Number of protein chains: 2
Amino acid sequence: MNLDLGGDFLNLLAPEYPEVLVRRYRLLRKIYYAAPIGRRTLAAYFLVGERMLRRDVDVLREQGLLMVEPRGISLTPFGETVLLAVMPYLKSFLGLTVMEEKLLKLLKVKRVIVVPGDLENDEVVLLEMGRAAARVLRECLVEGMVLAVSGGTSCAAVADMLPAAPGPPGIVVVPARGGLGEVADYQANTIAVQVAQKMNARYRQLYLPDSLSQATLQVLLQEKEIKEVIALINSARILLHGIGTAEEMARFRGAGRKEMERLARLGAVGEVFGDFYNCRGEIVERIPSLGFYLEELVKKVHNVIVVAGGKRKARAIVAVAGNHSRDLLVLDEGAAGEILKLYGAGEDSLFSPGSSSPPPGV
Amino acid sequence: MNLDLGGDFLNLLAPEYPEVLVRRYRLLRKIYYAAPIGRRTLAAYFLVGERMLRRDVDVLREQGLLMVEPRGISLTPFGETVLLAVMPYLKSFLGLTVMEEKLLKLLKVKRVIVVPGDLENDEVVLLEMGRAAARVLRECLVEGMVLAVSGGTSCAAVADMLPAAPGPPGIVVVPARGGLGEVADYQANTIAVQVAQKMNARYRQLYLPDSLSQATLQVLLQEKEIKEVIALINSARILLHGIGTAEEMARFRGAGRKEMERLARLGAVGEVFGDFYNCRGEIVERIPSLGFYLEELVKKVHNVIVVAGGKRKARAIVAVAGNHSRDLLVLDEGAAGEILKLYGAGEDSLFSPGSSSPPPGV
DNA sequence: GAAAAATGGGTCAAAAAAAGACCCACTGGG
DNA sequence: CCCAGTGGGTCTTTTTTTGACCCATTTTTC
């Protein structure tokens, strides 16, 4: 699709246009996810004045894209259609399509989806990523498969956005790891349940705290229930997981200051399943938790789907997906832009303010 | 190219954008043809305030598309590049591409080029049409061919825009008709000379007033000089001509009121070479002028190129090109839109104010 | 069922941007 | 040499935008 070039040319004639376009799109998207929602709530969300937001709402209402009712603002059916239909064009327009192509070359992934926006500015981006991943996830499901899901906000978003419709028969959903001291909503166990219920599938739980002494772990691993679940995990054909930054994950696991410094010295930037990766994708530290590690698992799994977003995760994503094969990577524009800025030819964008794009001059 | 749909979707989010886009494009184009040109002159041309025009100029200057110097405003090399490159995208954006496809089906022409804008609002459209026709014309030229050109402003524009570069050897340019009482610049003779000189080709002139008594005509036709030129005309392989509206042409030939009424009664709407066509493409009246008529000529000619624009010529164009084979029709958005409104599924556009496009609502 | 929170619509004044109408120094072609 | 035409600057007026409210109503919550 050679729309990009044309879009760029057209933008030279009306350089102020992309900004409003993106602003209105974000508005539309937010309403889609939060409807019915009020004017003031929206204004607070986007950190703009109430009146300013009102103007955009008025324009979009006049276009028949949204309706404003006493209970709040929502999309019209037409608005929903447009929101969905406009996505590929907007992606082309924003250069996300070429970003995807660049990332395909840069990373060791079979497929890349870049979602417009930045997780760190706009939380609906997380839902959007979840929706994208969920759609692909459903396509991958085959009768009788075991699906392993990890924890974290990203995976939770996938579960959230998964349409509630029966999947193929015989699917079993298992958590890909034990419980971490997280909020229940973001635990692998919780997410596994949610996914299974939406698809009307079976599920198993893994009651195994993540941070245990080796001795205790060995004892627990003899338990029949736990052994069974671990066997299931190891037989998974689909694996869905997120990526953590080394710093956040270490802090999260209650690492002391000494340990943090050690990780930094080792160059750890990304974390998955207790394994810490440096920027070249080498595992520099692993927290012995369960009897399996990601690397062995990944080799047997048919489809590995990764979901991660936000600028701050750029390095972590490259660390994990740069040298280890993944089948699908869903990320956001913020992370994608940062990755290309760090490791490839960077492209600045509109969603992430601060990096304005000066015209090429003559 | 499915850019149109995307453009439409994107326009739903920013409905005010197409207007500025077109306005800036017209500005750029006008400067291209009239550079160096001053702010005030431009403002007068577009019928807008000086300050308003200034803003657009400022924006485009900041984009590096044009430079403003003491002698006036002109395009930068980059601006010229953009102006040329943006054309196909703009045409898609404005729906001209689909217009071309519709016209191909509606009319009996092998190829259609619709130029953005309306001749009647913006005179550079004429030049733009001329440029488009000139480019194709040059492609058609083969060594030793005879090229017959007609008169009128449209053909004059083609001659104007023809790049001054030698064509294939042995080309002979002849006027396709005798002199009409027109301004010299628009006479077929003049245009033939201009075309020939630009291509460094030979040419012949036809000194034969268009409106003569049959008797006088017969005498003149015995002249060796004239017989030779007529023979050349009849051997032409390329024919370039415009289209006149019946009314204007009749008035132009000094028709009385009675004759005008007669033509109207006959349903004459278009005129070419003294032949008047009704809307079904039938010749309802012919002014005996030379020994040849268009129909016989067209059959022998390899390439017939027609250039005509302006809303008021819509009916005439259909009358001539609707039932008589033509190889290339160059027209403007105004005429194209009017034709489709009259004879096909009309599409309203931005160049022709007055026909705003309301959103489809829900 | 009542109270509380949130909704859209409206209004008004302040602020900012746009627009119009100039004047001025200067260039460049005739 | 002159003078029409040029861009730049500036002033005021007008329009638009923006912010900050209040109000009647609906919806939710307790």
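Of the set (1) within 13 Å of chain B (Cβ to nearest Cβ); (2) away from DNA strand D (no atom under 16 Å from the Cβ), all apply to A:LEU104 but (1). Does at least one position in region A:72-83 carry a residue that is within 11 Å of DNA strand D (Cβ to nearest atom), farther than 23 Å from A:LYS341 by Cα and not assigned by TED's automatic domain parsing to the domain that holds A:MET161? Scanning region A:72-83, I find at least one residue that is within 11 Å of DNA strand D (Cβ to nearest atom), farther than 23 Å from A:LYS341 by Cα and not assigned by TED's automatic domain parsing to the domain that holds A:MET161, so the answer is yes. Within this structure, B:ASN303 passes the test of being modelled with pLDDT under 95 and closer than 18 Å to B:ILE113 by Cα. Within region B:7-19, is there a residue that is away from DNA strand D (no atom under 16 Å from the Cβ) and open to solvent by 70 Å² or more (accessible area, probe 1.4 Å)? Yes: region B:7-19 contains one or more residues that are away from DNA strand D (no atom under 16 Å from the Cβ) and open to solvent by 70 Å² or more (accessible area, probe 1.4 Å). Among residues of region A:218-243 being touching a residue at least 60 places away in the same chain (Cβ under 8 Å) and open to solvent by 10 Å² or more (accessible area, probe 1.4 Å), the one that is farthest from A:SER154 (Cα to Cα) is A:LEU221. For A:LEU104, state whether it is open to solvent by 40 Å² or more (accessible area, probe 1.4 Å), touching a strand residue (DSSP E or B) at 6+ places or on another chain (Cβ under 7 Å) and more than 16 Å from DNA strand C (Cβ to nearest atom). Yes: the conditions hold for A:LEU104. Tell me whether region B:244-266 contains one or more residues that are closer than 27 Å to B:ALA165 by Cα and among the hydrophobic types (A, V, I, L, M, F, W, C). Within region B:244-266, none of the residues are closer than 27 Å to B:ALA165 by Cα and among the hydrophobic types (A, V, I, L, M, F, W, C).
Listed by position, the helices (runs of 4 or more DSSP H) enclosed by region B:1-108 that each have at least 2 residues that are small (Gly, Ala, Ser) are B:3-13, B:39-46, B:77-93. Evaluating B:LEU94 against the criteria (1) at the interface with another protein chain (Cβ under 9 Å from one of its Cβ atoms); (2) open to solvent by less than 80 Å² (accessible area, probe 1.4 Å); (3) in contact with a Pro (Cβ under 9 Å, 6 or more places away or on another chain) leaves one unmet condition, (1).
Okay, residues lined up against (1) within 9 Å of DNA strand C (Cβ to nearest atom); (2) at the interface with another protein chain (Cβ under 9 Å from one of its Cβ atoms):
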{"residue": "A:LYS30", "(1), (2)": "no, no"}
{"residue": "A:ARG40", "(1), (2)": "yes, no"}
{"residue": "A:GLU50", "(1), (2)": "yes, no"}
{"residue": "A:ARG55", "(1), (2)": "no, no"}
{"residue": "A:LEU65", "(1), (2)": "no, yes"}
{"residue": "A:VAL68", "(1), (2)": "yes, no"}
{"residue": "A:SER74", "(1), (2)": "yes, no"}
{"residue": "A:THR81", "(1), (2)": "no, no"}
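Comparison of B:GLU271, B:GLU247 shows that the only residue that is free of Cβ contacts under 8 Å to residues at least 24 places away in the same chain and acidic (Asp, Glu) is B:GLU247. Filtered by the rule that a residue be among the aliphatic types (A, V, I, L, M) and surrounded by 17 or more Cβ atoms within 10 Å (Cβ to Cβ), region B:69-85 gives B:ILE73, B:LEU75, B:VAL82, B:LEU83. Determine whether region B:130-137 contains at least one residue that is under 25 Å from B:VAL193 (Cβ atoms), outside any helix (DSSP H, G or I) and away from chain A (no Cβ under 14 Å). Within region B:130-137 (the criterion being under 25 Å from B:VAL193 (Cβ atoms), outside any helix (DSSP H, G or I) and away from chain A (no Cβ under 14 Å)), the answer is no, since none of the residues qualifies.
Looking at this structure, is B:PRO88 out of contact with any helix residue (DSSP H, G or I) (no Cβ under 8 Å at 6 or more places or on another chain), free of Cβ contacts under 8 Å to residues at least 40 places away in the same chain and open to solvent by 10 Å² or more (accessible area, probe 1.4 Å)? Here the answer is no, as B:PRO88 does not meet what is asked.
Within the set of pairs 6+ apart or on separate chains, which have a first residue in region B:116-129 that is closer than 20 Å to B:ALA159 by Cβ, a second that is hydroxyl-bearing (Ser, Thr, Tyr) and open to solvent by 40 Å² or more (accessible area, probe 1.4 Å), and C-beta atoms under 7 Å apart? Matching pairs, first to second residue: B:VAL124/B:TYR33; B:LEU126/B:THR153; B:LEU127/B:TYR33. For region B:16-25, which positions are at pLDDT 90 or above and away from DNA strand C (no atom under 16 Å from the Cβ)? Residue satisfying the conditions is B:TYR25 alone.
Residues in region A:141-170 that are out of contact with any helix residue (DSSP H, G or I) (no Cβ under 6 Å at 6 or more places or on another chain) and either among the polar types (S, T, N, Q) or within 17 Å of A:ILE233 (Cα to Cα) (or both): A:LEU141, A:VAL142, A:GLU143, A:GLY144, A:MET145, A:LEU147, A:SER154, A:GLY170.
The values are calculated or read from the model by the stated rules, or taken from the named source; none is laboratory data. None of these values were measured; they are calculated from a predicted model. Note that each Cβ is placed from the backbone with ideal geometry, even for glycine, and that neighbours are counted across all protein chains shown. The accessibility values were calculated without ligands, DNA or RNA, using every heavy atom of the protein model including side chains. Shrake-Rupley method; radii C 1.70, N 1.55, O 1.52, S 1.80 Å.
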